[in-house]
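Okay, structure first, notes after.
FYI, it's all coordinate maths here, none of it is from the lab. Worth saying up front: this structure is predicted, and the values here are computed from it rather than measured. Here the Cβ positions follow ideal geometry from the backbone for every residue, glycine too, while neighbour counts run over all protein chains shown.
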Amino acid sequence: MKILLIGLGILLLLSLLGWIGLQIKPASLSSYPQENGKLKTQPLPAGLPTPVMSFYSQLYGDRLPVIESFVITGRAKMRIMGITFPARFRFTHLAGQGYRHYIELTFFGIPIMKVNEYYLDGKGRLELPFGVEEGEKINQGANLALWAESMWMPAIFISDPRPHWQGIDQDTAVLFIPFGEDEQQLIVRFDQQSGMIAIMESMRYKGSDSERKTLWINEAAIWEERDGILTPTTASVTWFDEGTPWAVFTVEDVRYNVDVEGYLCEKGP
């Protein structure tokens with residue numbers, strides 16, 4: 001009996017330590033080592049669907065910034081195998097062309113898992129501690145991620161000539177995005193009160209072994225100004241069949257129109 005009580009005590013202590021370790025936020029990654037580049041503008045075009053025109057007019061007025069690249073750095077909470085870890089991240093985009101995601105999951109603020117995800121030249125590659133994922137289904141999801149994450153710099157949906165909008169109702173529109181020789185669709189829902197993008201939905205493969213697509217939901221919870229540009233600062237990602245967000249990202253630093261071409265192919269922060 002005494003041994004059983006000791007064992008239970010040790011188990012409770014380890015559980016408490018594990019819980020504490022998952023509550024400690026990591027230090028932020030250092031800021032991207034370049035200042036914002038020069039910002040050109042172009043006129044907001046006429047003929048956009050009503051909620052889209054309202055959104056862009058409110059966000060930028062009658063002229064759009066031309067975003068060629070952007071780097072987002074921040075911290076997150078990410079659920080992996082049922083456990084929600086604190087994390088820190090950097091998402092680096094060559095606008096509308098490719099990206100690299102660098103993510104560190106942490107325990108007691110110490111990195112325990114590092115991830116590099118790439119989408120370059122139309123090919124996705126997930127370098128995970130337990131293996132690498134590639135293939136057509138990874139490419140399909142990575143292209144959706146490329147454009148859904150451009151919600152952080154939504155001028156790209158207009159300044160890039162390839163995407164195009166189609167209205168559905170006063171609060172909803174479809175964004176058609178390029179995917180090789182084909183197109184994909186993102187359903188964009190605008191907040192009825194603020195007019196800002198609230199949700200972007202699409203059908204995406206979860207992984208290379210997925211038999212069917214799952215509804216993938218990106219939600220912009222909070223919009224705030226960063227370096228003079230209004231952008232989502234808290235965003236979440238949910239697989240519909242899981243019911244709750246598996247990742248919540250909090251943006252701490254945004255850089256735009258910086259040189260990222262060499263950095264996209266690197267590893268680490």
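One table, with the values for the structure above:
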{"quantity": "Overall dimensions of the chain as given by Cα atoms, namely Rg and Dmax in Å", "calculated": "20.1, 78"}
{"quantity": "Cβ-Cβ FRET estimate between Gln97 and Leu22, R0 fixed at 35 Å, reported to 0.05", "calculated": "0.45"}
{"quantity": "29 Å Cα-Cα threshold exceeded, pairs from Lys25/Lys267; Lys77/Lys123; Lys40/Lys137; Lys38/Lys213; Lys123/Lys213", "calculated": "Lys40/Lys137; Lys38/Lys213"}
{"quantity": "Ellipticity estimate at 222 nm from DSSP helix runs (n ≥ 4, -39,500 (n - 2.57)) divided over the chain, nearest 500", "calculated": "-6000 deg cm²/dmol"}
{"quantity": "Packing-based exposure ordering (other Cβ within 10 Å, fewest first) of Glu183, Glu219", "calculated": "Glu183, Glu219"}
{"quantity": "0 to 90° range, to nearest 10: angle between helix 50-60 axis and the chain longest Cα axis", "calculated": "80 degrees"}
{"quantity": "Reciprocal mean inverse distance between Cα atoms of the stretch 77-214 - Kirkwood radius, Å", "calculated": "16.4 Å"}
{"quantity": "Helix 136-148 vs. the chain, principal-axis angle (Cα, 0 to 90°, nearest 10)", "calculated": "70 degrees"}
{"quantity": "Pairwise FRET efficiency - His164 versus Gln58, Cβ, R0 = 22 Å, nearest 0.05", "calculated": "0.60"}
{"quantity": "Potential extension, Lys213-Thr244 segment - 0.36 nm per residue separation minus Cα distance", "calculated": "9.4 nm"}
{"quantity": "Other-chain or far-sequence residues with amide H under 5 Å of Ser69's (modelled H)", "calculated": "Ala95, Asn257, Val258"}
